[in-house]
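The next block holds one structure in the form of C-alpha cells; read it before the comments.
Computed from the coordinates by the stated procedures, all read-outs in this text should not be read as laboratory data. Fair warning: this is a prediction, and the values are worked out from it, not measured in the lab. Virtual Cβ from ideal backbone geometry, glycine too; neighbours counted across all protein chains shown.
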C-alpha cells in the first residue's frame, strides 16, 4: 500500500479523500511539523518511506531534492481559485492512472489537465 505525507499547504480534506481510496496517509499538521522547514518535512517523509504530496514548488528543485533520492514527490500545482473539491478530484483522477512504480523515486507535477513525471 502506498503511503503519503501531506504537506501543510494542502487541504486537510486531501488526507481524508486519499484514505477513502485505501492509501496510508499522514498529515504534517498531525505529526508536529506545522511551520517546519521543507528539509524537515522532506526528512520526515523519507523516514516514513512515504511519498510527499505538496503544493510547494520548491520541492521541484532537483538540485536540492535529487530525483531518485526519495520515495516520491508529488507537487499539486493548481490555481488558488480552484475549489478544494475539484483539487481533490484532480489528484484522485491522476492517482487512479498511476501504477505504484510511477511514484517510486520520481518527481510528479500535477497541473490542470497535465501530468509531468521526472523519472529517476
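Observations
- Extending 7 Å from Cα along the Cβ direction at residue 100 and again at residue 16 yields two label points whose distance is 2.8 nm.
- In this simple spin-label model, placing a label point 7 Å from the Cα along the Cα-to-Cβ direction at both residue 77 and residue 48 gives a separation of 2.4 nm.
- Span from the segment 1-80 Cα centroid across to the segment 106-120 one, whole angstrom: 14
- Taking 12, 29 and counting other C-beta atoms within 10 Å, the order from fewest to most: 12, 29
- Entry note, the chain: the mean residue ellipticity at 222 nm calculated from DSSP H runs of n ≥ 4, each adding -39500 (n - 2.57), is -8500 deg cm²/dmol after division by the residues and rounding to the nearest 500.
- Isotropic mean projected area of the C-alpha convex hull, segment 3-118 (nm²): 6.5
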